[in-house]
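Where a number appears in this text, it was derived from the coordinates with a stated rule and is not lab data. Bear in mind that the values here come from a model prediction, so they are computed numbers and not experimental data. Cβ atoms come from the backbone with ideal geometry, glycine included; neighbour counts cover every protein chain shown.
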Amino acid sequence: MTDRAPPPNDNGFVPLDLDQLREMARINRIDVADMFAAAGNGHYGSCYSCTEIMTALYFSVMRVDSRNPERPDRDRFIFSKAHAAPTLYSALIRRGFLPEEWIPEYETKVGVKLMTHQSRRYQPGVDASGGALGHGLSVGAGMAVAAKFDRSDHRVYVLLGDGELHEGSIWEAAAFAPKHKLDNLVAIVDRNRLSVDGRVDEVLPLEPLADRWKSFGWDVAEVDGHDLEALVKVLDVPRIGGSGKPLVVIAHTVKGRGVSFMEDVRSWHFDVISPQQDAALRLELSEPLK
Amino acid sequence: MKPAAPPPTGKPRLTTSAMIASIAGEGQKTKPAPFGHALVEVAKTRPDVLGMTADLGKYTDLHIFGQAFPDRYYQMGMAEQLLFGAASGLAAEGFTPFATTYAVFATRRAYDFIHQTIAEEDRNVKIVCALPGLTSGYGPSHQAAEDLALMRAMPNMTVIDPCDAHEIEQVVPAIAAHRGPVYMRLLRGQVPVVLDEYGYTFELGRAKTLRGGDDVLIISSGIMTMRALDAAEELKADRIGAAVLHVPTIKPLDTETILREAGKTGRMVVVAENHTVVGGLGEAVAGLLLRSGVYPAFRQIGLPDEFLAAGALPTLHDRYGISTAAVVSRIKEWLSR
């Protein structure tokens, strides 16, 4: 664990520059690998597709404060695709919300603080528990309405899996947010195109996805979900004087990104890793991704 | 167009739709929309209180609140998952949403949303649902015969089944003051007023004895307390003394009062509920008595474990054994054996 950067200090936290973000994304993937090594298995593919999204949010875009996790004007983050919670845990650990010592305890026994899905009951800095797909956008829309009601300038980010968009409840919330002009709400779709049983669009078609969101009244941005520079730019929506519409960022990603034998391989949605594979993974993650 | 023919002499023919509006008997003292008016009163001093509904504001009396506080009223559309998810999000930010729909749509359609985003996170959302149990003649799509079983199985959830307008007026401020998720069964429209004559006051988590009697103890909640009180009066003619213990808080159950009353020797215990016999107040009380070593003669009045018919509500209450006449005849039958 000697190859890790020290946790950044919230007291006057300075957003990371691009090289630092790339290094932080690498650290996030290693943290996730350490958690899954402790557990013996994990949702590798689901985590590694959203590593850069999480890194951009927590180390450049979002206003959060580990010394005051409930700070009223913090930006909210709802990790709706909660089966990839270890990426969130890593971000919270590296931002100083959670102790690093929790990493090797991940899922090792009943009662540890880091379990498969994030929970507000055990982890400071978590705005909504997760686990059941399809919930996050409704909860986030409620939080965004509350922010408008309170005239607060904070923003609400919701990370959705693309398979999660099969849930009808997503489209209930999608209809609601433009009605209330929630330009403080940003939905991010981790468009890795794989779900448990196969290609997302073969399981149930989503395309034309951008048009679908547009027709519901959303601003739509499409971005390479592993391009940190592009992610920071698109996610940092104005705190005041916005477009009057919620924004969905369709982040085109690769499931298992960063580990060659996992990339775009369906079985790595969730799998057991062998010691040889774990060693190969660490070798590949010894340098930041290009 | 010709005016409709007047009804034939005698009782007007009962129709299904007529019974959506009210459960009041003919000539019974009623109050209009007690929930809506009570919520307006609470909201006057509680800026955190919001009203949210899934296109059923009018049929849950929430439109009264919407008229009084239009900027605190959220019309969510026919989208119950959104309703409860967004209510959780608003509660997370310090608001106290009162979210209304029909009991079937909350407890059956949106169960997972209530379970995960409200109960599991202990969010301060009040779920207020019309047409609980068998209070609609529309058939199983609108009859929430199992709502109490579903909601009391959920950790963190407080479950309330008020009897009348007098009680609803007191429940609303009580659950607004209570910190945590609540499921409240709603009677809307012209709601009977019964309990004022008993000097009754609602206390969250407390069961109250409304009348004494030596032969049978009726433990009841919701509209069945109204039936039990009427039945007890009728049973006097047969020299049967019926006590009535009203249990509006289904969860957490007032175990102390129930055990004390049921433990008095010589009385048959009859639990009466507007709910399937599966998993409601009856089985809650039965389990409590067994676990506590209290073994009175025990009977249950409730809806059968089947999909119920559509039709006029009084007819259905007779058929399924929860009308006053049915309660009287069954208690007489049980005591005569």
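Entry note, chain A: the mean residue ellipticity at 222 nm calculated from DSSP H runs of n ≥ 4, each adding -39500 (n - 2.57), is -10000 deg cm²/dmol after division by the residues and rounding to the nearest 500. Legend: ranking of residues B:260, B:185, A:257, B:337 from fewest to most surrounding C-beta atoms inside 10 Å; resulting order B:337, B:260, A:257, B:185.
Cross-link reach is defined here as a Cα-Cα straight distance under 14 Å, omitting same-chain residues fewer than 8 places apart; for residue B:44 the aspartates and glutamates meeting it are B:71.
Volume per residue for chain B equals 144 cubic angstrom (convex hull of Cα atoms). Of interest is the spacing of the C-alpha centroids, which for the stretch A:34-89 and the stretch A:221-290 amounts to 12 Å. Partners of residue B:31 within straight-line reach, counting aspartates and glutamates whose Cα lies under 20 Å from its Cα and excluding those fewer than 8 residues away in the same chain: B:41, B:61, B:161, B:164, B:167, B:169, B:196, B:197, B:230. By the count of other C-beta atoms within 10 Å, a proxy for reagent exposure, A:58, B:200 are ordered fewest to most as B:200, A:58.
Rounded to the nearest 0.05, the FRET efficiency derived from the C-beta distance between residue A:204 and residue A:68 at R0 = 35 Å is 0.25. Stretched out straight at 0.36 nm per residue, the stretch from residue B:295 to residue B:312 would grow longer than its current Cα-Cα span by 2.3 nm. Rounded to 0.05, the FRET efficiency of the residue B:305 and residue B:26 pair, given R0 = 41 Å and the Cβ-Cβ distance, is 0.85. Take the Cα of residue A:287, step 7 Å toward its Cβ, do the same at residue B:325, and the gap between the two points is 8.9 nm. With a 10 Å cut-off around each Cβ of B:120-130, the average count of Cβ atoms from other chains is 2. For the stretch B:205-336, the spread of Cα positions along the three principal axes, ordered from largest to smallest, is 40, 33, 23 Å. The value obtained for the stretch A:205-252, namely the Cα convex hull volume divided by the number of residues, is 62 Å³ per residue.
Counting every alpha-carbon pair across the protein assembly as shown, the share separated by more than 42 Å comes to 35%.
Pairs of Lys residues in chain A, spaced 8 or more positions apart or belonging to different chains, with C-alpha separations under 27 angstrom: 29 in total. Per-peptide packing, taken as the mean over residues of other Cβ atoms within 10 Å, places B:261-268, B:147-154 in the sequence B:147-154, B:261-268 from highest down. A simple spin-label model places pseudo-atoms 7 Å from Cα toward Cβ; at residue A:17 and residue A:179 they are separated by 4.8 nm.
Relative contact order of the stretch B:205-336: 27 percent, from C-alpha pairs under 8 Å at least 6 residues apart in sequence. Sites listed here are chymotrypsin sites (Phe, Trp or Tyr not before Pro) in the stretch B:240-320 whose DSSP assignment is loop and whose Cβ has at most 16 other Cβ atoms within 10 Å: B:307. Per-residue shielding of B:70-77, expressed as the average number of other chain Cβ atoms within 10 Å of the residue Cβ, stands at 3.
The Cβ shell under 14 Å around residue A:214 holds other residues with a net charge of -2, Lys and Arg each +1, Asp and Glu each -1.
On the principal axes of its alpha-carbon atoms, the stretch B:256-313 has extents of 41, 19, 17 Å, going from largest to smallest. The convex hull defined by the C-alpha atoms of the stretch B:30-192 has an orientation-averaged projected area of 8.0 nm².
Model label sites at residue B:286 and residue B:268, defined 7 Å from Cα along the beta-carbon direction, differ in position by 1.6 nm.
Add +1 for every Lys or Arg and -1 for every Asp or Glu among the other residues with Cβ under 11 Å from the Cβ of residue B:146, and state the total. Value of the local net charge: 0. Annotation: the residues A:90, A:152, A:129, sorted from fewest to most other C-beta atoms within 10 Å of their own C-beta, follow the order A:152, A:129, A:90.
The dipole here belongs to the protein assembly as shown: it is taken about the Cα centre, uses +1 on the Cβ of Lys and Arg and -1 on the Cβ of Asp and Glu, and is about 1700 debye. Computed from the C-beta positions of residue A:109 and residue A:197 and an R0 of 35 Å, the FRET efficiency is 0.70 to the nearest 0.05.
Comparing Cα centroids, the stretch B:53-92 and the stretch B:167-189 end up 16 angstrom apart.
Within the shell defined by Cβ-Cβ distances under 9 Å, the residues around residue B:81 carry a net charge of -3, with Lys and Arg each +1 and Asp and Glu each -1. Residues whose amide H comes within less than 5 Å of that of residue B:159, counting only those at least five positions distant or on another chain, are B:183, B:250, B:251 (H built at 1.01 Å from N in the peptide plane).
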